[in-house]
1. Does region A:282-303 contain at least one residue that is within 16 Å of ligand 1 (Cβ to nearest atom), surrounded by fewer than 16 Cβ atoms within 10 Å (Cβ to Cβ) and in contact (Cβ under 8 Å) with a residue 24 or more places away in the chain?
2. Taking residue B:62, is it more than 10 Å from chain A (Cβ to nearest Cβ), away from ligand 1 (no atom under 13 Å from the Cβ) and either part of a strand (DSSP E or B) or at pLDDT 85 or above (or both)?
3. Does region B:115-133 hold any residues that are at the interface with another protein chain (Cβ under 7 Å from one of its Cβ atoms) and more than 20 Å from residue B:190 (Cβ to Cβ), and which are they?
4. Identify all residues within region A:260-289 that are more than 15 Å from the chain's Cα centre (by Cα) and assigned to a helix (DSSP H, G or I); write none if there are none.
5. Would you confirm whether any residue within region B:140-162 is open to solvent by less than 10 Å² (accessible area, probe 1.4 Å) and within 16 Å of ligand 1 (Cβ to nearest atom)?
6. Go through region B:71-90 and give me each residue that's in a helix (DSSP H, G or I), within 9 Å of ligand 1 (Cβ to nearest atom) and either open to solvent by less than 10 Å² (accessible area, probe 1.4 Å) or away from chain A (no Cβ under 14 Å) (or both).
7. Do the conditions hold for residue B:181, that is, is it under 19 Å from residue B:217 (Cβ atoms), open to solvent by less than 40 Å² (accessible area, probe 1.4 Å), part of a loop (DSSP other than H, G, I, E, B) and within 13 Å of chain A (Cβ to nearest Cβ)?
8. Quick one: residue A:257 ticks every box in (1) surrounded by 18 or more Cβ atoms within 10 Å (Cβ to Cβ); (2) part of a loop (DSSP other than H, G, I, E, B) except a single one, so which number is it?
Amino acid sequence: MRLLRGGVILAKTADQRPELRDELHVYDARRHGLPDLRQYVRDLIGRWPFAAEFSRSSIRSANTDTVFGQLWLVLNPTLLAVVYFILVVILTGKKISEGGPLLVQICSGLFLFTLLQGAASAGAGSVTGGGALISRMAFPRLLMPLAAVRTAFYRFLPTLPVFFLLKLVFSDTPWGWEMLLGVYFLVLMVIFSAGLAAFLGALQVYFRDASSFLPYFLRIWMYLSPVLWLPDPFMPGGSKSELYLLMLFNPMFSICGGWGEAILSSKVSSLTFFIVGLAWSIVMLLVGSLFFVARERDFSVRI
Amino acid sequence: MIFLSASSQGKAVRTDIPPAVSIQDLSITYRTTFEKVPTLRSAIVRLGRGERAVRQIKAIQNLSFDVPVGTSLGIIGANGAGKSTLMRAVAGVLAPSSGRIEVRGRISSLLALGVGFNSKLTGRENVVLGGLAQGMSRSEVAERANQIAEFADIGEFMDMPLITYSSGMAARLAFSVGVHMDPDILMIDEALSAGDAAFRVKAAAKMEELMESARAMFLVSHSLGSVRDMCNDCVWLHKGKLMLRADPQTCIDAYTKFLEVGENAFTMEDM
Ligand SMILES: Nc1ncnc2c1ncn2[C@@H]1O[C@H](COP(=O)(O)OP(=O)(O)OP(=O)(O)O)[C@@H](O)[C@H]1O
Ligand SMILES: [Mg+2]
């Protein structure tokens, strides 16, 4: 039951009377700067049930736990995939009748990217939309964006079987153990999303219109990432390999690329994807969460 | 007048051990922007004009006092005096702008669940969320939620969305939550005002019971009668400054004189 704002000292008083058993909370004027991180993480883990319940209740209040709610969760990205499919078909002049594999390919990337989009946009509003929770309760604020990521993840899950079904029906791409490597890239995506959600959540406190730029930003990011297209031409030996190094600056090039190669083509992607993707995820997580934690004491006087 | 018996005053104030709460030269400044919401667009516009964005509201200024174990402290003062701000700072929600607060013990604050977190969720779901946020375990919370439902006595509304509550029902729920969180230090910010007479009797009894085990209690109220009956110590705040720290009767007298209304019947009944 330790609070973090200002740091906490566990005072083991010499006096053993039961009423003095408790800890001493000190709240001082340090407004910015990092708290004791080990303590923070311990507290974060200790209160994770809150984030889980918060996320669960937001899923519940959005009715996504009903049959039609679940159906919509699946239908929405699938319809979006169809829209992009038509777009790509028109732009590249392919025949719709031969487009089955293309649709499956688009779904594989789009469903994963929807996870990032969901986490980013919900995470951005998680602090400013936290209302009474933020202004009245003391708990590690990082739980708010993390709850948003959890929600996005649980919205992503039901789209997986849809993808596998589409792959089974429309695509002749192989199935193999290599598909399990997708789990690695999914984990990277979740870590990256957590960092991004925390960063945007803190940013939104200072700039409330940040979230209105966000959809455009995310849309452009998607076009620049191997979501609708495959990374192959940009890889060494490909037709546009001169852009390879540049592409690696986009975290999603490695993460979405590795995901697609694993889950769609069932192949082991280049080691670069594994390493660069991991590096980006960790950097984003550290930057986002440290920025957030250093600022979070300031949130309640600004909301 | 409902809180006739004042047994909470019977509990000894302990000055031989460290105080439950110690407030040391505390100042709290809210920083709000002139704009309704701070935006990137307006920040850029402002940068172009070279204006300053923030406006500071000094809600608490250089406040110092100790609250010894065994105290039930009444906090009175006009609207905007900084009472709620002080409570939020002691609860650890607001960071001090300068100065320092030391709290010994576990805090349960009625500001915590004042009106709930999400009005689309049911009372029970809000209670569970609040308990988990305070660091309770899931099983503790589930068990507590039943006790809370029973004490609040709002029947089937416990499992209805919060929007369907009357303000009195919300207040009953909020009070029940606060007193069932095993607080060492109980803080009540104007939570009794909306309950009906029957509930207030029950609430007063519960608070007296709690004072036996709690280390300290803070009661913020505009109903001077309940402050007089329930508290054994009192502070009067005005515009963020400490005006008087004395026994409740002295404080109330000074405050009411200050307000130039006198202790008229309305204030007494309004509790
Ligand atoms: N979130 C906020 N942002 C900016 N200023 C605030 C905020 N909350 C309170 N204030 C200001 O701080 C001062 C103290 O407010 P506070 O709510 O503590 O008063 P109070 O004593 O609780 O009043 P009341 O009796 O009406 O409840 C007021 O001047 C108020 O305008
Ligand atoms: Mg108030």
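The values are calculated or read from the model by the stated rules, or taken from the named source; none is laboratory data. Small disclaimer: the values here were computed from a predicted structure and weren't measured. Backbone-built Cβ (ideal geometry, glycine too); neighbour counts: all protein chains shown. For the accessible areas, the whole protein counts, side chains as well, though only heavy atoms, and no ligand, DNA or RNA atoms are used. Shrake-Rupley method; radii C 1.70, N 1.55, O 1.52, S 1.80 Å.
1. Yes - at least one qualifying residue is present in region A:282-303.
2. When the stated conditions are applied, residue B:62 passes them.
3. B:118, B:120, B:121, B:125, B:128, B:129, B:132, B:133
4. Listed by number, the residues that qualify are A:260, A:261, A:262, A:263, A:271, A:272, A:273, A:274, A:275, A:276, A:279.
5. Scanning region B:140-162 turns up no residue that is open to solvent by less than 10 Å² (accessible area, probe 1.4 Å) and within 16 Å of ligand 1 (Cβ to nearest atom).
6. B:83, B:86, B:87
7. Yes; evaluated as a whole, the condition is true for this residue.
8. The one condition residue A:257 does not meet is (2).
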